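First up is the structure itself, then whatever we jot down about it.
None of the figures in this text is laboratory data; all of them are computed from the coordinates on show. Quick caveat, the model's predicted, so the values are computed rather than measured. Methodologically, a virtual Cβ is constructed for each residue, glycine included, from the backbone with ideal geometry; neighbour enumeration extends over all protein chains shown.
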Amino acid sequence: MIRMQIISDRSNAIPIIQNAIEAKMKRTEIGFRKTEQEIRRFEKKYNMLSDKFLNSCTADDLTGGDEDYISWIGELKLREALLEELKTLHEIEYIPQRLSY
């Protein structure tokens, strides 16, 4: 779990920060969905699950050659990075605290 303590003497700071993180989460989710679509496109094109592709294919095995191989690998790596980012964003717990003078 990630705990984020927000300390501010401005009442609008906490919702602004929360909204920014939520917006980042939404953009990341959109990117994840697009990446999933690209991966499914490759799986359909080559009638092969990505796991099999990773374990047994080279660029020479694909009709699209190096371009498809690099793109498919890239999409798989991007998906993993986006999943990790989403996991991190979802784990954030806000601990708001107002400064008092």
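Calculated [222 nm] ellipticity per residue, helices only, for the chain: -23000 deg cm²/dmol; basis is -39500 (n - 2.57) per DSSP H run with n ≥ 4, divided by all residues, nearest 500. With the simple spin-label model, which puts each label point 7 Å out from Cα in the Cβ direction, the Asp66 to Leu78 separation comes to 2.0 nm.
Computed extension length for Lys34-Met48: 3.1 nm, one decimal, from 0.36 nm per residue of separation with the Cα-Cα distance subtracted. Give the angle, between 0 and 90 degrees and rounded to the nearest 10, that separates the Cα long axis of helix 65-90 from the longest principal axis of the Cα atoms of the chain. The angle comes out near 20 degrees. Within the shell of other residues whose beta carbon sits under 13 angstrom from the beta carbon of Asn47, the net charge comes to +3, with Lys and Arg scored +1 and Asp and Glu -1.
Among the lysines of the chain, pairs at least eight places apart or on separate chains and with Cα atoms under 25 Å apart come to 16.
For Ser8, nonlocal amide neighbours, meaning residues 5 or more places apart or on other chains whose placed amide H falls under 5 Å from its own, are Gln97, Leu99. For semi-axes √(5λ) of the Cα gyration tensor in Å, computed directly from the structure shown, the correct entry in (i) 22, 15, 12; (ii) 43, 11, 9; (iii) 34, 14, 11 is (ii). Spatially, segment 56-97 and segment 32-54 are offset by 11 Å when compared through their Cα centroids. Taking the C-alpha atoms only, the angle from helix 13-46 to the longest principal axis of the chain is near 10 degrees.
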